[in-house]
1. I need the full set of residues from segment 90-119 which are in contact (Cβ under 8 Å) with a residue 12 or more places away in the chain and assigned to a helix (DSSP H, G or I), in order please.
2. Considering only residues of segment 120-137 that are part of a helix (DSSP H, G or I) and more than 21 Å from L37 (Cβ to Cβ), which is least open to solvent (accessible area, probe 1.4 Å)?
3. Of the residues that make up segment 72-85, is at least one among the small types (G, A, S) and modelled with pLDDT under 75?
4. Here are some conditions: (1) modelled with pLDDT under 80; (2) closer than 20 Å to L89 by Cα; (3) of a type in the set (V, I, T). T13 meets all but one. Which one does it not meet?
Amino acid sequence: MSLEHPGPGFNGTLGRVGQKANLLDLEMFVRGYESCLLDTYGEKRAEDEWLDFIEYLRHEGLFPTEGWAAKISQHNQYSEDCFEYFRELLHKYLVLRMPDWFIEFNCSAQPSPWHNVNGPRSQDIRLKKHIEAVKNA
């Protein structure tokens with residue numbers, strides 16, 4: 001799962017990405033997170049990890065009966081804000097839980113999976129706050 005938006009017009013495994021982040025992109029980001037859990041842990045453990053994240057959302061008051069997406073949408077008027085809000089919730093959760101794959105990912109530079117004519121768009125897509133969190137763990 002990339003920490004960066006692939007850019008306008010990208011048509012990948014999970015669908016087409018628009019000009020700006022929107023609720024469809026949020027859905028694809030969530031599906032991407034679920035896919036990463038499956039690839040990393042296998043079906044049973046991925047389900048447990050996902051349920052742990054849902055419990056975290058409940059604890060944060062963001063998993064009411066109408067669902068977390070509706071609750072997040074109430075907090076943010078614009079779809080791009082919803083995407084960023086969900087992304088920040090996920091990042092906060094990962095820093096709190098520090099799963100093994102998260103520590104491993106943040107221990108060395110991660111070039112962008114998105115390429116242009118010069119190669120990877122970025123030589124390191126990790127977030128500074130995650131690098132620091134792993135160093136301090």
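The values are calculated or read from the model by the stated rules, or taken from the named source; none is laboratory data. This is a predicted model, so every value here is computed, not measured. Heads up, the Cβs are rebuilt from the backbone with ideal geometry, glycines too, and the neighbour counts pull from every protein chain shown. Accessible surface is based on the protein model in full, side chains and every heavy atom, while ligands, DNA and RNA are left aside. Shrake-Rupley method; radii C 1.70, N 1.55, O 1.52, S 1.80 Å.
1. Passing the criteria: L90, H91, Y93, L94, V95, L96, R97, W101, F102, I103, F105.
2. Residues of segment 120-137 that are part of a helix (DSSP H, G or I), as a first pass: 128-135.
Okay, now just the ones that are also more than 21 Å from L37 (Cβ to Cβ), so 128-129, 131-132, 135.
On the way: K128: 168, K129: 101, I131: 29, E132: 89, K135: 140 Å².
Among those residues, the one meeting the criterion is I131.
3. Looking for residues that are among the small types (G, A, S) and modelled with pLDDT under 75, one finds at least one in segment 72-85, hence yes.
4. Every listed condition holds for T13 apart from (2).
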